[in-house]
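Engineer: What follows is a structure written as structure tokens; I'll ask about it next.
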Amino acid sequence: MRTTIDIDPELLEEVVSETGETSRGRAVNSALAEFMRRRKIQRLITLAREGKIHFEGEWEDWHKRDMEMEEEEKEFDWGAGK
């Protein structure tokens, strides 16, 4: 789908560089996919904490990864370009 949006050019170049993609469109799609992947993982972890779902495996492994993701998100400027 083609769409027109205003994106901070410096942020876009950073996304292109970080994703390693060869086009801006693929870089944006890659970044959006990663964002959604992380959100889905966070939702699953929240459901597990609330006892609404049960994981097979070690809770400590999931918790450790959750904490790592929280630290990564604290370092990422979600408001950049606004």
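Engineer: Among all residue pairs at least 6 apart or on different chains, which show Cβ distances below 6 Å where the first residue, located in region 7-22, is within 14 Å of PHE35 (Cβ to Cβ) and the second is part of a loop (DSSP other than H, G, I, E, B)?
Structural biologist: Short answer, once both residue conditions are applied: LEU11/ALA80; LEU11/GLY81.
Listed here are the residues, each with its yes/no results for (1) surrounded by 13 or more Cβ atoms within 10 Å (Cβ to Cβ); (2) in contact with a helix residue (DSSP H, G or I) (Cβ under 8 Å, 6 or more places away or on another chain).
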position: PRO9; (1), (2): no, no
position: THR22; (1), (2): no, no
position: ALA27; (1), (2): yes, yes
position: LEU32; (1), (2): no, no
position: HIS54; (1), (2): no, yes
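Engineer: Turning to a different aspect of this structure: Out of region 42-81, which residues are within 17 Å of LEU32 (Cβ to Cβ) and either in contact with a Gly (Cβ under 7 Å, 6 or more places away or on another chain) or at pLDDT below 75 (or both)?
Structural biologist: GLU73, PHE76, ASP77, TRP78, GLY79, ALA80, GLY81
The values are calculated or read from the model by the stated rules, or taken from the named source; none is laboratory data. Just so you know, these numbers come straight off a predicted model, no measurement behind them. Don't worry about glycine lacking a Cβ; one is built from the backbone with ideal geometry, like all the others, and counts go over all protein chains shown.
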